[in-house]
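Comments concern the structure below.
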Amino acid sequence: MAESDTVAGHTYSPAMDARTHEQTYRGFVRFVEIATGVVICWVLALAIGGIREAWLLAIVGVIVAGAAGAVGALAPAVGWRAPLVVGILLVLYLFFA
């Protein structure tokens, strides 16, 4: 197992940067949540294009899902909910159109 008490000749204390580690972890988890939502929206858009043969709507769905992912990334309060709204709309179109 690697030593954790020295890094490049300097003493290392895990408590020194615990806040930074937590912020990085939270940011990574938020990114994964948003990216997963966007990819699910892309798959739904492709299903709409393939099943309903509505390729123009599928293209619009991909673009809107990407924009929703950007909104979710820039507004932490919104987060994964922005792609969720797009996904719900795509599912509704897929099953009820």
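Descriptive notes on the structure:
- Restricting attention to the stretch 27-74 and to residues that are in a loop (DSSP other than H, G, I, E, B) and of a type outside the set (A, V, I, L, M, F, W, C), the residue that is least open to solvent (accessible area, probe 1.4 Å) turns out to be 52.
- Pairing residues of the stretch 45-60 that are within 13 Å of residue 89 (Cβ to Cβ) with residues that are open to solvent by less than 100 Å² (accessible area, probe 1.4 Å) and not in a helix (DSSP H, G or I), at Cβ distances under 6 Å and at least 6 apart in sequence or on separate chains, gives 48/54.
- Residue in the stretch 75-94 that is over 13 Å from residue 40 (Cβ atoms), over 15 Å from the mean Cα position of the chain (by Cα) and either in a helix (DSSP H, G or I) or not acidic (Asp, Glu) (or both) present: yes
- A Cβ distance below 9 Å, combined with a sequence gap of six or more or placement on separate chains, defines the contacts here; from the stretch 19-43, residues that are modelled with pLDDT under 95 reach residues that are assigned to a helix (DSSP H, G or I) in the pairs 21/14.
The values are calculated or read from the model by the stated rules, or taken from the named source; none is laboratory data. Just so it is clear, the model here is predicted, and its values are computed rather than measured. Here the Cβ is made from the backbone with ideal geometry for all residues, glycine too, and neighbour counts use every protein chain on show. Heavy atoms of the whole protein, side chains included, go into the accessibility calculation; ligands, DNA and RNA do not. Shrake-Rupley method; radii C 1.70, N 1.55, O 1.52, S 1.80 Å.
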